[in-house]
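So the structure is just underneath, and the comments pick up after that.
The values are calculated or read from the model by the stated rules, or taken from the named source; none is laboratory data. Owing to the predicted nature of the structure, the values given are computational and were not obtained by experimental measurement. As a convention, Cβ positions derive from the backbone with ideal geometry for all residues, glycine included, and neighbour counts pool all protein chains shown. These area figures cover heavy atoms from the full protein model, side chains too; ligands, DNA and RNA do not enter into them. Shrake-Rupley method; radii C 1.70, N 1.55, O 1.52, S 1.80 Å.
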Amino acid sequence: MHVTRNHKNSGTVSEPAWVRYLLLTVALAFLALFLLMPLAAVFAQALEKGWQAYVEALKEPDTLSAIRLTLITAAVCVPANLFFGIVASWAIAKFSFPGKSFLITLIDLPFSVSPVVSGLIYVLIFGLQGWLGPWLQAHDIKIIFAVPGIILATVFVTFPFIARELIPLMESQGREEEEAALTLGASGLQTFFRVTFPNIKWGILYGVILCNARAMGEFGAVSVVSGHVRGSTNTIPLQVEILYNEYSYAAAFAVASILALLALVTLAVKTVAEWKMHQTVPVADKER
Amino acid sequence: MSWPSGKNNVLPGFTPALGYTVFYLSLIVLIPLSALFFKTATLTWEQFVAAVSAPRVLASYRVTFGSSLAAALVNAFFGVLVAWVLVRYRFPGKKLIDALVDLPFALPTAVAGITLASIYSPNGWLGRYLEPHGIKVAFTPLGIAIAMVFIGLPFVVRTVQPVLEELDQEIEEAASCLGANRWQIFSRVIFPTMLPAILTGFALSFARAVGEYGSVIFIAGNMPMVSEITPLLIITKLEQYDYAGATAIATVMLVVSFLLLLCINVLQKWSRRFAE
């Protein structure tokens, strides 16, 4: 392996070769130990009892229903937060108004709340002892320990993902292009779909893929509101927990491996989207 | 009508867009969060203090904050090292490793949790070598800290990396011309520039670790007073239908999160001013 400095005129400002090799070795060893090993372990343990057992574990009815619920949850959360993200970043990035940075801080709030607390707040509102609990029970509507609660808690934890990606991106692009389109007679929606959207599409993809990964993988918040009813209110991560706690390790890791694959796909798409965004943004900068 | 958005702004849709933003934000985030404070307000002060300062709760704070601090310190060191190697050196597989740094963001916490628990269990891949030397990881605060290192690492790398990338190498060349050796250049020129970003990454990693649940509970063993984290205690109280107790502890956690968020915002402003 050859290690060189990542700079054209190396020599004057570089570490001695042995320092470079030492730093690189320590860094790579750390990453191998803390990132690669867990990743490898998921798949190794999932396939421990062979391919047959792996497929069997995934075909369990409870697992299939967990997969279905996870897909439903993501299918509601991602569009809801995508719509919010686009609308919020339009208001925040294209206009100036007092209290803007405070609003951005509020949008980021769910990131700093512990997942367990995120679930708890919905129990406090919709649970039996909560604000709306008695009314909901009288009308026979179940939110907590049912699918709506899982969706609500997931919307909360994935709330900022798309907005916080789009706000800086749209801010960096300014509003000259939109103004030009409007001056030329385009309607508001035409302007958005023909001018703004092409500029932010990689940012949208980036936000959507991260939002989706979290929506499908959320554990703490969902665990509080789910009630763990097998075959009906278990998402994939909750199913992993149940299998693990029942000591069916191979099955737990088999189900977990779906989520690990999802994580790898997420990283790949994210890297591509990032690369595409870097390609488009400097051009926009140059034009101004 | 004169909106603060300025008379020159011809773009449409400000009022409905901002209106929907505030509406959705209130519905999903603000009203539910306020429920926590209203519920806590129904407790008397004595009840609140009793709930948040019971010995088992205090022990859980010690475990949570102690492990988070240790993990954030480890991440601050190795995060800077990883960022340095990724920015300054060229080596095969660099792009792949760069992408892999975000794995803890993408891998669901429950998956990370059971995987770490199995690696460090007495007959796991690493546990079997550590156990004979008397190093117990699974079911101890050490295991909790390891899980927290895993989930916190990308925060430090991703805050330090852009600062290193934008660092002007001419400054280093100037220092070198003036006779500084490599270590002096690092400690007097490069490190001070990175410091705000390192502190921000440290705080982000710490904040994430404090609230973390999924990746920790499997490796923690969850023994009361020894390896029980505060978020788990909230769930335990809920399962015992002690809503008041759960809410009081959750309020403490939330206030701590807000304070950390405030620190992080101040740190980020500081690093931005540093960059200019």
Residue identified as more than 9 Å from chain A (Cβ to nearest Cβ) and either open to solvent by less than 10 Å² (accessible area, probe 1.4 Å) or of a type in the set (S, T, N, Q) (or both) among B:GLY201, B:GLY214, B:GLY179:
B:GLY201
Quick test of your reading of the structure: B:SER227 fulfils all but one of (1) farther than 14 Å from A:VAL117 by Cβ; (2) assigned to a helix (DSSP H, G or I); (3) touching a Phe, Trp or Tyr at 6+ places or on another chain (Cβ under 7 Å); (4) small (Gly, Ala, Ser). Name the failing condition by number.
(2)
Being farther than 26 Å from B:ASN123 by Cα and at pLDDT below 90 is the filter here; which residues of the range B:193-226 pass it?
B:THR193
Please indicate, with yes or no, whether at least one residue in the range A:129-146 is within 16 Å of A:CYS211 (Cα to Cα) and not polar (S, T, N, Q).
no
Hey, could you check the range B:38-81 for residues that are open to solvent by 70 Å² or more (accessible area, probe 1.4 Å) and under 18 Å from the mean Cα position of the chain (by Cα) and say which is nearest to the other protein chains (Cβ to nearest Cβ)?
B:PHE77
Looking at A:GLY220, is it facing another protein chain (nearest Cβ under 8 Å) and open to solvent by less than 10 Å² (accessible area, probe 1.4 Å)?
yes
Could you list all residues from the range B:166-176 that are open to solvent by 40 Å² or more (accessible area, probe 1.4 Å) and either among the hydrophobic types (A, V, I, L, M, F, W, C) or not in a helix (DSSP H, G or I) (or both)?
B:ASP168, B:ILE171, B:ALA174
Return the residue satisfying two criteria in turn: it lies in the range B:97-122 and is more than 7 Å from chain A (Cβ to nearest Cβ) and in a helix (DSSP H, G or I), and of such residues it is surrounded by the most Cβ atoms within 10 Å (Cβ to Cβ).
B:GLY113
Filter result for A:PHE102 (part of a helix (DSSP H, G or I), at the interface with another protein chain (Cβ under 9 Å from one of its Cβ atoms) and open to solvent by 40 Å² or more (accessible area, probe 1.4 Å)):
no
Here, helices (runs of 4 or more DSSP H) confined to the range A:118-218 with at least 1 residues that are under 27 Å from B:GLY245 (Cα atoms), within 24 Å of the chain's Cα centre (by Cα) and not β-branched (Val, Ile, Thr) are A:147-158
Assuming B:PHE150 fulfils every condition listed in (1) open to solvent by 30 Å² or more (accessible area, probe 1.4 Å); (2) of a type in the set (Phe, Trp, Tyr); (3) in a helix (DSSP H, G or I) apart from one, which condition is it?
(1)
Can you name every residue in the range B:118-148 that is touching a residue at least 40 places away in the same chain (Cβ under 8 Å), small (Gly, Ala, Ser) and within 29 Å of B:VAL85 (Cα to Cα)?
B:GLY143, B:ALA145, B:ALA147
Being β-branched (Val, Ile, Thr) and either within 8 Å of chain B (Cβ to nearest Cβ) or closer than 14 Å to B:LEU103 by Cβ (or both) is the filter here; which residues of the range A:251-268 pass it?
A:VAL265, A:THR266
Condition set in contact with a Ser or Thr (Cβ under 9 Å, 6 or more places away or on another chain) and either buried (at least 23 other Cβ atoms within 10 Å of the Cβ) or charged (D, E, K, R) (or both), scope the range B:82-96, selection farthest from A:VAL272 (Cα to Cα): answer is B:ARG88
Taking the range A:229-239 and keeping only residues that are touching a Phe, Trp or Tyr at 6+ places or on another chain (Cβ under 8 Å) and open to solvent by less than 10 Å² (accessible area, probe 1.4 Å), one is left with A:THR233, A:PRO237, A:LEU238
Check on B:LEU259, assigned to a helix (DSSP H, G or I), free of Cβ contacts under 8 Å to residues at least 24 places away in the same chain, open to solvent by 50 Å² or more (accessible area, probe 1.4 Å) and within 13 Å of another protein chain (Cβ to nearest Cβ):
yes
With respect to A:LEU109, determine if the residue is under 14 Å from B:LEU25 (Cβ atoms) and open to solvent by 10 Å² or more (accessible area, probe 1.4 Å).
yes
Just need a number here: residues in the range A:33-48 that are more than 7 Å from every other protein chain (Cβ to nearest Cβ) and assigned to a helix (DSSP H, G or I).
6
Which of the residues belonging to the range B:229-250 are more than 9 Å from every other protein chain (Cβ to nearest Cβ) and either over 18 Å from B:SER68 (Cβ atoms) or open to solvent by 10 Å² or more (accessible area, probe 1.4 Å) (or both)?
B:THR236, B:LYS237, B:GLU239, B:GLN240, B:ASP242, B:ALA244, B:GLY245, B:ALA248
Set B:PRO92, B:PRO104, B:PRO55: member being farther than 27 Å from B:ASN222 by Cβ and assigned by TED's automatic domain parsing to the domain that holds B:VAL256
B:PRO92
Within the range B:11-35, the residues that are part of a helix (DSSP H, G or I), facing chain A (nearest Cβ under 7 Å) and open to solvent by less than 40 Å² (accessible area, probe 1.4 Å) are B:PHE14, B:ALA17, B:LEU18, B:THR21, B:TYR24, B:LEU25, B:ILE28, B:VAL29, B:PRO32, B:LEU33, B:ALA35
